[in-house]
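Notes follow once the structure below has been shown.
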Amino acid sequence: MRSHYCGLVTEALLGETVTLCGWVNRRRDHGGVIFVDIRDREGYVQVVCDPDRADMFKTAEGLRNEFCIQVKGLVRARPDGTINDNLKSGKIEVLCHELTVLNPSVTPPFQLDDENLSETTRLTHRVLDLRRPYMQNNLMLRYRVSMEVRKFLDANGFIDIETPMLGKSTPEGARDYLVPSRVHEGHFFALPQSPQLFKQLLMVAGYDRYYQITKCFRDEDLRADRQPEFTQIDIETSFLSEQEIRDMFQGMITTVFKNTLNVDLGEFPVMTFQEAAHRYGSDKPDLRVKLEFTELTDVMTDVDFKVFSGAATMKGGRVVGLRIPGGAREVGGLSRGEIDAYAEFVKIYGAKGLAYIKVNDLAKGREGMQSPIVKNIHDKALAEVLARTGAQDGDLIFFGADKEKIVNDAIGALRIKIGHSEFGKKNALFEKAWRPLWVVDFPMFEFDEESQRFTAVHHPFTAPKEGHEDWMVTAPEKCISQGYDMVLNGWEMGGGSVRIHRADVQQKVFDALKITPEEAQDKFGFLLDALQYGAPPHGGLAFGLDRIVTLMTGAESIRDVIAFPKTQRAQCLLTQAPSTVDEKQLRELHIRLRPTELSKAV
């Protein structure tokens, strides 16, 4: 039905007759000559309809936006002054000889070039939204990224092996999506949060280089970079060290960016988890932002300001400063309204407020500083604050003081917000660049105050660093894992670890997590049994395909790089899923719905 894509018709085809199929993007009647812009997935081409061909011209007069049409015509050069350098086809036009309406369209609910559409409108009418060049470019890039990944892994000896979608519910990680079994009454499958256990089993089975681009599922609260179902580039390999694994897959990501965007990511600095938290309050720091924490905990132990001294002396407390160069300038600095807004912003992360000092004139000492807290900080501490932060005239220093996690989360978020603001960009606090890094040496465990037990930072199959095995029993908080994350511009693109390949070490992890032998056997018995059969040293990692493409496109949400995403309430507005099912289906699954308090009230 067609000889070429619309967007690929160029001056190389001058003088040739082409057959095109696509959608009417725009129709313009110029007093006897009709111009029709036709669109397909590759772009646009301009079609000229002359009145000399009466039947064809009459059909052209009836065209409307989104009609699906077929055009046969002659490729010719555009007249001088009408060339469009923004299009591949911008130097030519097609003189229409034959025009067929393959299918008319009702009036669309929105114009496809409308840039102010609400996300609800876009997701409700996703089929039309996907026709927009923005979405088509995103999904075409996603395809190219997937192909580059496959080519790299194939060239390095990896094989694509599918793992089950219906598996066993396990206690680690996020909440599972459960699937009731019709055959086995009262039993449930779980959709995989990742293929973690199966890929380890494949290593034991001798398939030493595995990969899969697969769907994963997590029933958790959503945000811009999360979906209930997401796509993971899942990779596992045997007989490689942690460094060798990181080197290989740094090479993969570098190759993907080079071949799809022609971007050279450059060096990947390596930073420990402890250093990242100390300097940036985050395990995925955005290195484009040129702001860092200044450690002040030891300085504030005996100051009169109880917010600082209390945090500095409490177990697990922390006090930091965040110097904002130019933040206190009379012209171009941060206004009182902006400072107050930032104080409200950090409360989202549990902070009770946001103390600050404006450094107006260092030569005047205290008199040159503007802050309600200066009078409660003694001279020695104040001098140390200024020395450590490197404050200059016109600078502003924000402070965080609380439990370490609250300080890291709140001031870390503040750092990003200020860096990305107009103030940050005007004052060179933000660098527009690609800034990757590896974050390594994660703690094996973190203590959960609510449950009063340790939980796994990555997952319970992550191997400890050599020599740390015994600490899992005596001092779990000291145990460092062989885990690693690849971070780019403040997003965790992928993460993984060297895995535990010995059953005795795996049992020590379960003991530290207070997973009983009976529970471990019930939930992970198939893995523990497999590890006894000469399991090889192995490790791997998983990349979020959605996140990689989101970063590449500069989209604000991964929903813009997924064809049919869910909303933040885990709903599909196009298909109206999830939905109710009839009573017969529920009976077959041995399920009876119990009314909630809300439904009772209704």
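Structure above, values below:
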{"item": "Under 26 Å from the Cα of Lys91 - lysines, other chains or at least 8 residues apart", "result": "Lys72"}
{"item": "20 Å Cα-Cα reach of Lys426 towards lysines, excluding residues that sit fewer than 8 places from it in its own chain", "result": "Lys290, Lys358, Lys417"}
{"item": "Heavy-atom accessible surface of segment 497-573: percent carbon and sulfur, 1.4 Å", "result": "50 percent"}
{"item": "Three-way shape label, segment 288-433, alpha-carbon gyration tensor, a/c 1.5", "result": "oblate"}
{"item": "Whole-angstrom gap from segment 152-187 to segment 564-590, using each part's C-alpha centre", "result": "20 Å"}
{"item": "Long-range amide H partners of Ile92 with built H, under 5 Å", "result": "Arg78"}
{"item": "Relative contact order of the chain, pairs being alpha-carbon contacts under 8 Å that are 6 or more residues apart, as %", "result": "13 percent"}
{"item": "Solvent-accessible area, 1.4 Å probe, carbon plus sulfur percent, for segment 255-320", "result": "48 percent"}
{"item": "Whole-number accessible area per residue in Å² for segment 45-144, which is evaluated in the context of all protein chains at 1.4 Å", "result": "55 Å²"}
{"item": "Candidate values (1) 32.3; (2) 30.7; (3) 37.3, label of the one derived for mean projected area of the Cα convex hull in nm²", "result": "(3)"}
{"item": "Carbon plus sulfur fraction of accessible area for segment 54-128, probe 1.4 Å, in percent", "result": "47 percent"}
{"item": "Relative contact order of segment 365-520, defined on C-alpha pairs under 8 angstrom at six or more residues apart (%)", "result": "17 percent"}
{"item": "For segment 391-508: accessible area per residue (Å², 1.4 Å)", "result": "42 Å²"}
{"item": "Residues listed by number, segment 87-104, amide nitrogen under 13 Å from Ala77 label point at 7 Å toward C-beta", "result": "91-93"}
{"item": "Ratio Rg/Rh [Cα only; Rh per Kirkwood] for segment 132-238", "result": "1.03"}
{"item": "Helix-derived mean residue ellipticity, 222 nm - over the chain, DSSP H n ≥ 4, -39500 (n - 2.57), to 500", "result": "-9000 deg cm²/dmol"}
{"item": "Spin-label zone in segment 208-222 - amide nitrogen under 20 Å from a point set 7 Å from the Cα of Ser579 along the C-beta vector", "result": "none"}
{"item": "Inter-part distance where segment 252-331 and segment 66-107 are each reduced to a Cα centre, Å", "result": "54 Å"}
{"item": "Under 14 Å from Lys352, Cα to Cα: aspartates and glutamates that are on another chain or at least 8 residues apart", "result": "Asp340, Glu344, Asp402, Glu404, Asp409"}
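The values are calculated or read from the model by the stated rules, or taken from the named source; none is laboratory data. This structure is a prediction, so every number in the text was calculated from the model and none was measured. Reconstructed Cβ throughout: ideal geometry from the backbone, glycine too, with neighbour counts over all protein chains shown. Just the protein is used for accessible areas: all its heavy atoms, side chains included, with ligands, DNA and RNA removed. Shrake-Rupley method; radii C 1.70, N 1.55, O 1.52, S 1.80 Å.
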